[in-house]
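Step one of this worksheet: look at the structure below.
The values are calculated or read from the model by the stated rules, or taken from the named source; none is laboratory data. Note that the coordinates shown come from a computational prediction; the quantities given were computed from them, not determined experimentally. Reconstructed Cβ throughout: ideal geometry from the backbone, glycine too, with neighbour counts over all protein chains shown. Ligands, DNA and RNA are excluded from the accessible area calculation, which covers all protein heavy atoms including side chains. Shrake-Rupley method; radii C 1.70, N 1.55, O 1.52, S 1.80 Å.
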Amino acid sequence: MTQDAARHKRNTSRRQVLVAGGAAVAVAGTGVVLASNALAGETPAEAKRAETAAGETCYRLSAEAIEGPYYIDADKIRADITEDKEGVPLALVIKVIDAETCEPVRAAAVDVWHCDALGIYSGYESIGSSMPPGLPTEPPPTDGSGGEEVHIEPTDNERYLRGTLRTDREGKVRFISIFPGWYEGRAVHIHTKVHMDGTWTDGGYEGGRTCHTGQLYFEEEAVLAVAATEPYSGSTVERVTLPEDILYDDSGATGGLLTLRYDKKRIAEGVIASITVGVDPETPTTAK
């Protein structure tokens, strides 16, 4: 095979590997219960086929974003991060791939953290759902740096809705949580980090480097439906819509927009969200 032919074959393969937004998991009438079984290692055959059968297309690196003021390196190695928080059940599937080769990134550590149904982050309950200190007022720079960071030291010992998992051979992690609420100044979102080449210990994950810091977003239709349910409907905070958000760059899955599966008439039973995150495993993140 000539060099040009080999290059063409490689590029064609890359275009066929990933679907922007990630592999979807079907919701089969039972809401997030189906995903809960899958996350516990009891994936029904039908759900597994739905999760892996979609045609997939490669895309560029996922957008970097500021980590925000509420990151805590909590070393909570767990799939179920709900603790006792009430809200619409959420199953979150994140697939991490090398954006250059489109191969799954295995044994990476993926962090997620988000606020509860009323816009409160664990570790920062005294701040509540008010405007976070240091929230950007201008769009982030276009050089991919993600913008200026402001970190706040935790004010309490709560750690709900935070967790870390190790990517499997398919580059995937699967979390069980609740649909996030909202707080002043931001659209509904989930924070995430991807770490490489650290050490997995009985106590957690140590060392390595962070190759991606991002934020994941939800389509407006789903947010509106969730907002009509308890306890979200009790929020008194004015909600920022996704088009109004200062950080979301409107680039779809590359910018963190999740693919969602749910029954519109019974959204309170649960939502399954999925995304594929393209990273450069060898390069530290440009965000904090």
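Tabulated data
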| read-out | value |
| --- | --- |
| Verdict on Ala287 being modelled with pLDDT under 95, hydrophobic (A, V, I, L, M, F, W, C) and closer than 20 Å to Val173 by Cβ | yes |
| Filter pass, Ala38 being of a type in the set (A, V, I, L, M, F, W, C), over 18 Å from Gly278 (Cβ atoms) and either modelled with pLDDT of 95 or more or touching a strand residue (DSSP E or B) at 6+ places or on another chain (Cβ under 9 Å) (or both) | yes |
| Looking only at the range 230-288, and only at residues there that are more than 19 Å from Leu216 (Cβ to Cβ) and β-branched (Val, Ile, Thr), the one that is surrounded by the fewest Cβ atoms within 10 Å (Cβ to Cβ) | Thr236 |
| Residue satisfying condition, being in contact with a Lys or Arg (Cβ under 9 Å, 6 or more places away or on another chain) and in contact (Cβ under 8 Å) with a residue 60 or more places away in the chain, within set Ala187, Ala268 | Ala187 |
| Matching residues in the range 165-193 - criterion: being outside any loop (DSSP other than H, G, I, E, B), β-branched (Val, Ile, Thr) and crowded, with 24+ Cβ neighbours inside 10 Å | Val173, Ile178, Ile190, Thr192 |
| Any hit, the range 143-163, residues being farther than 25 Å from Arg239 by Cα, open to solvent by less than 10 Å² (accessible area, probe 1.4 Å), of a type outside the set (Ser, Thr, Tyr) and modelled with pLDDT of 90 or more | yes |
| Residue satisfying condition, being modelled with pLDDT of 95 or more and out of contact with any strand residue (DSSP E or B) (no Cβ under 9 Å at 6 or more places or on another chain), within set Tyr232, Tyr217 | Tyr232 |
| Residue in the range 228-248 that is assigned to a loop (DSSP other than H, G, I, E, B), under 21 Å from Ile275 (Cβ atoms) and among the acidic types (Asp, Glu) present | yes |
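So that you can scan it fast, the table gives a plain yes or no per residue for (1) modelled with pLDDT of 95 or more; (2) surrounded by fewer than 18 Cβ atoms within 10 Å (Cβ to Cβ):
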{"site": "Ala50", "(1), (2)": "no, no"}
{"site": "Ala53", "(1), (2)": "no, yes"}
{"site": "Arg78", "(1), (2)": "yes, yes"}
{"site": "Glu83", "(1), (2)": "yes, yes"}
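Okay, residues lined up against (1) at pLDDT below 95; (2) open to solvent by 20 Å² or more (accessible area, probe 1.4 Å):
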{"site": "Val96", "(1), (2)": "no, no"}
{"site": "Pro104", "(1), (2)": "no, yes"}
{"site": "Ala108", "(1), (2)": "no, no"}
{"site": "Pro133", "(1), (2)": "yes, yes"}
